[in-house]
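The block underneath contains the structure these notes are about, expressed in structure tokens.
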Amino acid sequence: MAAKFGTSGLRGLVGDLTDGTASAHARAFARHLGSHAMAQPGSPIFIGRDMRASSPEIARQCAAAVRAEGYVPVDCGVVPTPALALHAMGRGAAALMITGSHIPDDRNGVKFYRPDGEIDKTDETAISALAPEFLGQTLPDAAPMQSEHDKVLDAFVARYRGFVAGEGLHGLRIGLYEHSSAASEALARILTEAGAAVIRLGHSHRFIPVDTEAVSDETRRLTAGWVQSESLDGLVSADGDGDRPLVVDETGSVLRGDALGLIVARHLGADAVVTPVTSNSGIEDHCDARVWRTRVGSPFVIAGMNAALEEDMRRVIGFEANGGVLTGNVIESSQARLAPLPTRDSVLPILCAFAAARQAGQSLSAHVASLALPVAASDRIENFPTAQSQQLVVRLSGDAAVCAGFFATLGTVGHIDRTDGLRVTLEDGRIVHLRPSGNAPEMRVYSEAGSLADAQAVIAATMALVKQSAGDQIR
């Protein structure tokens, strides 16, 4: 049972999920719901999936698992994760999303939703403890399931109807990089209803792992080329399950996810912002909201949002450096009234980016520049053994002298933050952050500096140091 919970849901290689591990966790989830009176047998559990080749089989196995516990699996097909969560919460029911999000097609995962939203770390611990009991059990296939795909998608589109004030997005040419995202159809409909001319580009029947936090050079070249060739005012996309946005401005530059989150918070007048330590250090200085910093992962952001709600904050916004935005309160904007959605959503930051820029009479690039955030960058070392990345961070975090020696070629270490991974502020103000990924064998590297070139140089130098420390263990 090599699959395990990461920063957001169960993750692992396809073979480590289809061997019965995914279904064992689905059955454990159903048992956990009943034992804690969160849902009762006989009630529905909605099941959605992304476009990975393995997702239909994992969905089939999970449907059989929840039926074995007396629940009624409902097939929602390929839909965005936030759409599935919204639909299930509106029905007071639980849900399972079969997705590996942005990671490669040889991996997959399962996201779990209680009737009130995403599971938390306590739920993960309980599910993990129950799952081994169900491993190796043969289950009959679930009976033919009722489909609610169209209802899920229609409700999600309706959520954002009338959200953009005034003339909406009329007059804008917006590219939509569809690739294999579960959000492509919803985004096309929502943007078109808002008045934009949507140019659909790059649809793929083969799964393409688009990571909105560490955008590949290939994706940057592809999207920038479309912006120029199609004379676009901007281009949008989302990751595999549609909960992380990708926004490219009219110059072809990719906008950072934490900048999108800040735009949402300012545009909606948030009085509380919850975001991980990996988000830009300038967030606090560039919005009027009180800011909570957390570890990376939606469960930690949601826990911070709950803390803000307990203090009676009237408009609580959460976001991560990948751009996914969560809402804790009812939000009214123009003609729309958005129910709380405490799970990552790619649509809200996309709409707010264009709406805020239009309201300010600016292009996307000019509006982001006006935020005056410190320059930040991020990248990753792929195929980096998780255990090794964790050991390196522990070693550097636990010994100040070792840490100082490791970063000596970059500068003098001034401050260390161990909230999540190792975040080092050098005495000259530059920041470098090492964090082992919770979803894949990768080392994430973040930086802030006086210029983009400097931030990228810090990342390149740090990645070289990490690889050097790993020796020949890096493939």
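The values are calculated or read from the model by the stated rules, or taken from the named source; none is laboratory data. Note that the structure is a prediction, hence the values are computed from the model and not measured. Glycine also receives a Cβ, built like all others from the backbone with ideal geometry; neighbour counts cover every protein chain displayed.
Numbers at a glance
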{"item": "Lone qualifier among F407, F384 - being surrounded by 18 or more Cβ atoms within 10 Å (Cβ to Cβ), in contact with a Pro (Cβ under 8 Å, 6 or more places away or on another chain) and not assigned by TED's automatic domain parsing to the domain that holds R315", "result": "F384"}
{"item": "Residue check, S237 surrounded by fewer than 21 Cβ atoms within 10 Å (Cβ to Cβ) and either outside the structural domain of G77 (by TED's automatic domain parsing) or more than 20 Å from A182 (Cβ to Cβ) (or both)", "result": "no"}
{"item": "Test: A457 is more than 22 Å from the chain's Cα centre (by Cα) and either more than 30 Å from N108 (Cβ to Cβ) or not in a helix (DSSP H, G or I) (or both)", "result": "yes"}
{"item": "Positions within segment 144-160 being over 23 Å from the mean Cα position of the chain (by Cα) and either surrounded by 15 or more Cβ atoms within 10 Å (Cβ to Cβ) or not small (G, A, S) (or both), in sequence order", "result": "P144, M145, Q146, E148, D150, K151"}
{"item": "Any hit, segment 83-106, residues being of a type outside the set (F, W, Y), at positive phi and either touching a Phe, Trp or Tyr at 6+ places or on another chain (Cβ under 7 Å) or surrounded by 23 or more Cβ atoms within 10 Å (Cβ to Cβ) (or both)", "result": "yes"}
{"item": "Number of the condition not met by I127 [criteria: (1) among the β-branched types (V, I, T); (2) in the same structural domain as V72 (by TED's automatic domain parsing); (3) surrounded by fewer than 20 Cβ atoms within 10 Å (Cβ to Cβ)]", "result": "(3)"}
{"item": "Residue among G136, G166, G162, G117 that alone is touching a Pro at 6+ places or on another chain (Cβ under 6 Å) and among the small types (G, A, S)", "result": "G117"}
{"item": "Residue count, segment 318-335 (criterion: free of Cβ contacts under 8 Å to residues at least 60 places away in the same chain and in contact with an Asp or Glu (Cβ under 9 Å, 6 or more places away or on another chain))", "result": "2"}
{"item": "Test: residue in segment 381-388 that is under 24 Å from the mean Cα position of the chain (by Cα) and in a helix (DSSP H, G or I)", "result": "yes"}
{"item": "Selection from segment 193-234 of residues that are among the small types (G, A, S), modelled with pLDDT of 95 or more, closer than 23 Å to T99 by Cα and surrounded by fewer than 16 Cβ atoms within 10 Å (Cβ to Cβ)", "result": "S204"}
{"item": "Test for I350: is it part of a strand (DSSP E or B), among the β-branched types (V, I, T) and at pLDDT 95 or above", "result": "no"}
{"item": "Criterion (touching a residue at least 40 places away in the same chain (Cβ under 8 Å) and in contact with a Phe, Trp or Tyr (Cβ under 9 Å, 6 or more places away or on another chain)) met by exactly one of E133, E148", "result": "E148"}
{"item": "Residue in segment 361-377 that is surrounded by the fewest Cβ atoms within 10 Å (Cβ to Cβ), counting only those that are of a type in the set (A, V, I, L, M, F, W, C) and under 19 Å from R173 (Cβ atoms)", "result": "A366"}
{"item": "Residue count for segment 42-60, restricted to those that are buried (at least 24 other Cβ atoms within 10 Å of the Cβ), out of contact with any Cys (no Cβ under 8 Å at 6 or more places or on another chain) and more than 14 Å from F207 (Cβ to Cβ)", "result": "2"}
{"item": "Test: residue in segment 355-372 that is touching a helix residue (DSSP H, G or I) at 6+ places or on another chain (Cβ under 8 Å) and part of a strand (DSSP E or B)", "result": "no"}
{"item": "In segment 434-454, residue surrounded by the fewest Cβ atoms within 10 Å (Cβ to Cβ) [restricted to those that are in a strand (DSSP E or B) and touching a Gly at 6+ places or on another chain (Cβ under 6 Å)]", "result": "L434"}
{"item": "Residues of segment 175-188 satisfying the condition of being buried (at least 24 other Cβ atoms within 10 Å of the Cβ) and of a type in the set (A, V, I, L, M)", "result": "L176, A182, A183, A186, L187"}
{"item": "Any hit, segment 397-415, residues being without any contact (Cβ under 8 Å) to a residue 24 or more places away in the chain, closer than 22 Å to H286 by Cβ and not in a loop (DSSP other than H, G, I, E, B)", "result": "yes"}
{"item": "Cβ-Cβ under 7 Å pairs, at least 6 apart or on other chains, segment 179-204 side in contact (Cβ under 8 Å) with a residue 40 or more places away in the chain, far side acidic (D, E)", "result": "S181/D239; A182/D50; A182/D241; S184/E178"}
{"item": "Single match in I58, I47 (criterion: touching a residue at least 40 places away in the same chain (Cβ under 8 Å) and part of a strand (DSSP E or B))", "result": "I47"}
{"item": "Condition check for D428: part of a loop (DSSP other than H, G, I, E, B), among the charged types (D, E, K, R), farther than 30 Å from G162 by Cα and over 26 Å from the mean Cα position of the chain (by Cα)", "result": "yes"}
{"item": "Segment 306-356, subset of a type in the set (A, V, I, L, M, F, W, C) and over 23 Å from the mean Cα position of the chain (by Cα), residue surrounded by the most Cβ atoms within 10 Å (Cβ to Cβ)", "result": "M313"}
{"item": "Hey, K121 of a type in the set (K, R) and surrounded by fewer than 18 Cβ atoms within 10 Å (Cβ to Cβ) or not", "result": "yes"}
